[in-house]
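Below: the structure, in structure tokens.
The values are calculated or read from the model by the stated rules, or taken from the named source; none is laboratory data. This structure is a prediction, so every number in the text was calculated from the model and none was measured. We place every Cβ from the backbone using ideal geometry, glycine too, and count neighbours over all the protein chains shown. Keep in mind that these areas ignore ligands, DNA and RNA; they rest on the heavy atoms of the full protein, side chains included. Shrake-Rupley method; radii C 1.70, N 1.55, O 1.52, S 1.80 Å.
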Amino acid sequence: MVLVSAVRDYISRMLQDISGMKVLILDSHTVSIVSVAYSQSELLQKEVFLVELVDSISKSRESMSHLKAVYFLAPTSENIQYLRRHLVAPRFGEYHLFFSNILKDTQIHILADSDEHEVVQQLQEFYADFVASDPYHFTLNMPSNHIYMLPAVVDHSNLQRFSDRVVDGIAAVFLALKRRPVIRYQRTSDIAKRIAQETAKLMYQQESGLFDFRRTEISPLLLVIDRRDDPVTPLLNQWTYQAMVHELIGIQDNKVDLRTIGKFPKDQQEVVLSSEQDGFFKKNMYENFGDIGMNIKQLVDEFQQISKSNQNIQTIEDMAKFVDNYPEYRKMHGNVSKHVALVTEMSKLVEERKLMLVSQTEQELACNGGQVAAFEAVTNLLNNESVSDIDRLRLVMLYALRYEKESPVQLMQLFNKLSSKSAKYKPGLVQFLLKQAGVDKRTGDLYGNRDFLNIARNMARGLKGVENVYTQHQPLLFQTMESITKGRLRDVDYPFVGNHFQQGRPQEVVIFIVGGTTYEESRSVALQNSMNTGIRFILGGSAILNSKRFLKDLEEAQRVARTSNAV
């Protein structure tokens with residue numbers, strides 16, 4: 001069972017057994033969970049006539065006893081307080097309470113004591129405490145995502161809150177999948193180790209009864225890794241559809257806000273990009289930008305054919321047929337204009353920011369050796385007035401990650417040039433990245449130059465040549481999945497938690513990246529799953545990154561570290 005269907009199943013069960021008109025009450029977290037899995041028209045079909053946020057509904061006093069209230073909230077103390085106030089003076093006829101994760105006994109007692117009017121019909125835990133953006137990809141949408149970069153001494157209480165939330169999210173995924181995993185983590189990461197150990201404690205001690213599912217022959221695997229082991233992937237420009245939209249425009253909860261890029265009709269200012277709701281997107285989300293242009297042209301041609309036949313209305317029957325097909329026609333019209341708008345805007349940005357030029361050098365830095373040529377290419381781009389500040393910064397970062405040990409002198413020259421060319425550049429940010437994710441901190445063989453097998457593979461790739469210079473990079477995650485498939489993931493680098501070891505090859509693997517995932521990685525997972533190796537991979541993270549978000553997290557961590565002088 002994939003994640004999207006698990007969440008949809010929970011929401012359906014919440015709504016279908018309660019007959020009559022309903023109001024659905026969510027919090028800022030569960031609103032993302034529901035909106036990604038369920039469309040507004042589907043909610044209407046389930047007789048949900050109103051969707052409200054728990055904090056805003058608290059401000060109203062109007063009685064609506066004809067409506068049944070369905071609450072779906074995260075079990076936070078703040079939400080319990082809101083509910084307490086709502087139950088003391090009930091506005092709705094019935095209250096059906098659903099929580100996205102495990103409730104504490106004390107919280108249940110508070111709610112029971114508050115229900116003096118006996119309006120609560122049911123109280124349940126439905127473990128949809130994650131945003132399932134794609135069938136094999138979930139995020140926890142953590143707002144303070146930079147915290148994973150800080151050592152515990154800097155901000156102990158925020159780090160505790162961060163790891164508690166991650167543990168809750170991972171636990172919900174396994175409760176939804178009805179599995180208890182064997183847990184491994186990246187040895188060089190303190191935060192990955194901490195989250196892995198706390199997850200094991202929750203699953204095997206504190207809530208062992210809840211996780212006591214019928215055992216499969218081979219336990220699934222949870223692997224907790226750190227974003228800083230592959231800082232290259234979130235820094236690269238992207239050239240496949242979904243990843244490129246997120247990199248250049250931004251996707252939040254499978255929605256794209258087009259107001260940031262121009263004037264659009266009201267019904268098109270925010271568009272949905274979901275593989276569940278949009279057939280064209282599902283087919284093309286992993287395709288290269290060049291192919292997308294061709295495929296959109298086909299879509300437009302098909303639409304024009306339909307438009308022509310609609311103009312040819314001669315008889316009453318034609319008119320009736322047109323009216324019947326009109327909703328479908330409207331939907332297709334919206335879909336065509338959405339994809340045309342996105343691709344047009346991205347083409348404009350590619351041209352304005354000279355991204356093909358920039359990206360070629362990025363890919364060379366990520367995939368191939370050759371320090372002298374790389375230095376020259378980066379220097380030329382830093383001098384190019386068409387290259388934007390963010391692209392300059394990313395190029396220097398990619399060069400620094402690759403050649404920090406080989407060419408310290410040239411690196412200093414690039415730092416100085418960056419400072420003189422980019423007015424907004426915060427001094428020390430590249431050095432902070434190296435301190436966080438430099439070669440001494442990483443476990444994996446990021447550039448394929450430590451491990452003999454990887455060196456041989458890279459040589460073979462070099463001899464064969466690459467199909468597309470812009471998409472030759474493969475995330476480190478690809479190698480990790482390959483190692484798991486072949487049973488080669490080394491215990492010394494990825495130790496097990498406790499005495500729960502893997503017997504044989506797992507059939508289900510959840511890889512959680514503390515610090516966030518990218519759409520390039522979720523594409524890798526989807527491609528790996530389509531190869532039918534007998535293992536199903538699911539990818540999750542604390543956020544879904546593009547380069548802007550990754551750099552923002554880095555800047556924020558640097559600011560906090562400076563004020564505390566501990567990093």
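See the values below:
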{"quantity": "Filter result for the condition that a residue is open to solvent by less than 40 Å² (accessible area, probe 1.4 Å), among the polar types (S, T, N, Q), on the phi < 0 side of the Ramachandran plot and at pLDDT 90 or above, over 359, 407, 422", "calculated": "359"}
{"quantity": "Residue list for the range 256-267, restricted to those being within 22 Å of residue 546 (Cβ to Cβ), in contact (Cβ under 8 Å) with a residue 40 or more places away in the chain and either surrounded by 13 or more Cβ atoms within 10 Å (Cβ to Cβ) or among the charged types (D, E, K, R) (or both)", "calculated": "256, 258, 261, 264"}
{"quantity": "From the options 165, 161, residue that is without any contact (Cβ under 8 Å) to a residue 24 or more places away in the chain, closer than 17 Å to residue 515 by Cβ and touching a Ser or Thr at 6+ places or on another chain (Cβ under 9 Å)", "calculated": "161"}
{"quantity": "Helices (runs of 4 or more DSSP H) enclosed by the range 465-567 - at least 3 residues per element that are in contact with a Gly (Cβ under 8 Å, 6 or more places away or on another chain) and at pLDDT 90 or above", "calculated": "476-485, 547-564"}
{"quantity": "First in the range 94-113 and free of Cβ contacts under 8 Å to residues at least 24 places away in the same chain, second anywhere and in a strand (DSSP E or B) and open to solvent by less than 60 Å² (accessible area, probe 1.4 Å), Cβ under 9 Å, 6 or more apart", "calculated": "112/120"}
{"quantity": "The range 70-124 - residue that is touching a His at 6+ places or on another chain (Cβ under 7 Å) and small (Gly, Ala, Ser) and, of those, least open to solvent (accessible area, probe 1.4 Å)", "calculated": "74"}
{"quantity": "Helices (runs of 4 or more DSSP H) lying entirely in the range 43-136 (those with 2 or more residues that are touching a helix residue (DSSP H, G or I) at 6+ places or on another chain (Cβ under 7 Å) and polar (S, T, N, Q))", "calculated": "105-114"}
{"quantity": "Given (1) part of a helix (DSSP H, G or I); (2) open to solvent by less than 50 Å² (accessible area, probe 1.4 Å), index of the condition residue 351 fails", "calculated": "(2)"}
{"quantity": "Scope the range 182-195; condition open to solvent by less than 50 Å² (accessible area, probe 1.4 Å) and within 10 Å of residue 495 (Cα to Cα); matching residues", "calculated": "183, 184, 185, 186"}
{"quantity": "Selection status of residue 31, touching a residue at least 24 places away in the same chain (Cβ under 8 Å) and either within 20 Å of residue 7 (Cα to Cα) or in the same structural domain as residue 142 (by the TED database) (or both)", "calculated": "no"}
{"quantity": "Some residue of the range 135-154 being modelled with pLDDT under 95 and farther than 28 Å from residue 444 by Cα", "calculated": "no"}
{"quantity": "Selection from the range 168-181 of residues that are in a helix (DSSP H, G or I) and open to solvent by 10 Å² or more (accessible area, probe 1.4 Å)", "calculated": "168, 177"}
{"quantity": "Index of the failed condition, residue 370 passing every other in (1) small (Gly, Ala, Ser); (2) at pLDDT below 90; (3) surrounded by 16 or more Cβ atoms within 10 Å (Cβ to Cβ)", "calculated": "(3)"}
